[in-house]
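Here's the structure we're looking at; comments come further down.
The values are calculated or read from the model by the stated rules, or taken from the named source; none is laboratory data. None of the values given here were measured: they were computed from a predicted structure. With ideal geometry, Cβ positions are generated from the backbone for all residues, glycine too; neighbour counts draw on all protein chains shown. These area figures cover heavy atoms from the full protein model, side chains too; ligands, DNA and RNA do not enter into them. Shrake-Rupley method; radii C 1.70, N 1.55, O 1.52, S 1.80 Å.
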Amino acid sequence: MRRRQFITLLGGAAAAWPLTARVQPMPMIGYLDATSPSSQPAMTAFRRGLSETGYVEGRNATIEYRWANGQYDRLSELAADLVRSQVTVIAACSTSAPGLAAKAATSIIPIVFQTGGDPVQDGLVASMNRPGRNVTGVTRLSVTLAPKRLELLRELSPRASVIGLLANPTNPRSDLVIQELEEPARALGLRLHVLKASTESELESVFASLVKLGISALLVAQEPSYLRWRERIAALAASHAVPATYGQREFATAGGLMSYDASVADSFRQVGVYVGRILKGEKPADLPVMQPTKFELVINLTAAKALGLEIPPTLLARADEVIE
C-alpha cells in the first residue's frame, strides 16, 4: 500500500469513529457538604472559584452533590457513594467532618476541604505547608476565633455575668469549641452555660430557658447547620431580648446583632480555585492549606436599637460593616 493510500484510509477510519470515542469526557467533581443546599452565596462563590480556573458547571465539568442536611452520621455513607461514582476530585465543605469522611473513603481521589477548624489538629493534613498525600484545602480557623467573639460579646454587654453558648451536640467539634471557651470565660469573670440544639424545635425550648438559667447574653457556636435557621435564631434572640454574637456574617444580615469571622464566601471561592487547579493536573500535596488573611466584624444597628443597646463607639469604629 502506498503512503498516500494509507493516509487516506486512516483519515476515513478516523471519521468513522464514534463521536464519544473522540470527545474527552468532562471531569466529575464530587461535592460533599454537612449542611443543606440553602447557602446560595457559598455555592455561588464555589462556582466562581471554579470559573477562575476555566471550569463551568454543565459546560466543561459536572458536579455530583451530596448533602448531609446536618446529619453528621451520614457523611461516611455519602463520601463512599462519591467514591463509587468515580468522581475526579472531592470538595468537602462546611466543617472538618466531611473532609475526614472523604479522607477515610479514599486515599487516591484528590480532596479539597473547607473548614473552620484546625486541619492539623483535626487530622486532615500533616501540616499547613505540606499537607501530604491526596488532601489539601482551606481553613477559616473559626474555632480559634471563639474567644475573640466572647470578648466582643462582653464588650457589648459589660454587665452580663452568665453567658449562654448555643451548640449542636451532634457536631463532633462541639466539645472542642466548649473547651476553647472555658478558660477565656473564667478569665473574663463569666460563667459559661452550654445550651444544646440540633433541630429547629429544640431552639424554641433553648431560648425559653434563658431567663430561668439567668443568661443575659448569647454566643452562637460556629455551626454550619444553623445557617438554614439563621432568621429564626435571630428572631428568637430579639424576642427574648438577649444580645447575641455569631460566627457567620449571614446571621447579622438576617437580623442578628453581631458577627465575627473570616469571609465564608471567600473560603468557598478558594476551594473552587483549588479544585480547578487539581483538575488541571496539580497535586494536593503540592498545594499548601490556605488560611484567612481578612476577618470581618459586622454589627447590625437595627438589631441593637430593637434591644435598646448602645454600641460602644470604640466597637463601632472597629466594624468592617455596619448594617443600619
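Miscellaneous remarks
- Anisotropy class of the chain from Cα gyration tensor, a/c 1.5 cut: prolate
- Extreme residue, positive dipole direction of the chain, given options Asn168, Pro27, Ala101 (C-beta unit charges): Pro27
- Long-range Cα-Cα pairs in the stretch 274-324 (distance over 12 Å), rounded percent: 73 percent
- The chain, accessible area per residue, ligands and nucleic acids excluded (1.4 Å, Å²): 47 Å²
- Candidates per trypsin sites (Lys or Arg not before Pro) in the stretch 105-150, loop by DSSP, up to 15 other Cβ within 10 Å: Arg133
- Partners for Lys103 among lysines (Cα-Cα distance below 23 Å; same-chain residues under 8 apart left out): Lys280, Lys283
- Vicinal HN-Hα couplings computed from phi for the stretch 268-276 (Karplus, 6.51 cos²θ - 1.76 cosθ + 1.60; Hz; Gly/Pro x): 5, 4, 5, 4, x, 5, 5, 4, x
- Net charge in the neighbourhood of Thr115 (other residues with Cβ under 10 Å of its Cβ; Lys, Arg +1, Asp, Glu -1) is 0.
- Nearest-20 debye value, the stretch 222-306 charge dipole, Cβ charges on Lys, Arg, Asp, Glu: 140 debye
- Short-range pairs are left out: with C-alpha atoms under 8 Å and at least six residues apart, the relative contact order of the stretch 215-324 is 24 percent.
- Loop trypsin sites (Lys or Arg not before Pro), the stretch 32-94, which have at most 14 other Cβ atoms in a 10 Å radius of their Cβ (DSSP): Arg59
- Whole-angstrom gap from the stretch 270-324 to the stretch 57-88, using each part's C-alpha centre: 26 Å
- Relative contact order of the stretch 124-208: 29 percent, from C-alpha pairs under 8 Å at least 6 residues apart in sequence.
- Within the chain, helix-based [θ] at 222 nm, where runs of 4 or more DSSP H residues each add -39,500 (n - 2.57), nearest 500: -12000 deg cm²/dmol
- Three-way shape call for the stretch 249-288 based on the alpha-carbon gyration tensor, with the a/c threshold at 1.5: prolate
- Dipole in debye (nearest 20) - the chain, about Cα centre, beta carbon charges: Lys, Arg +1; Asp, Glu -1: 1340 debye
- Global geometry of the stretch 161-223, whether rounded, prolate or oblate, following the gyration tensor of its Cα atoms and the 1.5 cut on a/c: oblate
- Simple point charges give the picture: +1 on the Cβ of Lys and Arg, -1 on the Cβ of Asp and Glu, and for the stretch 64-220 a dipole about the Cα centre of about 280 debye.
- Accessible surface of the chain, 1.4 Å probe: 53 percent of it comes from carbon and sulfur atoms.
- For Val138, the amide hydrogen comes within under 5 Å of the amide hydrogens of Phe113, Gln114, Thr115, Met290, counting only partners 5 or more places away or on other chains and with H modelled in the peptide plane.
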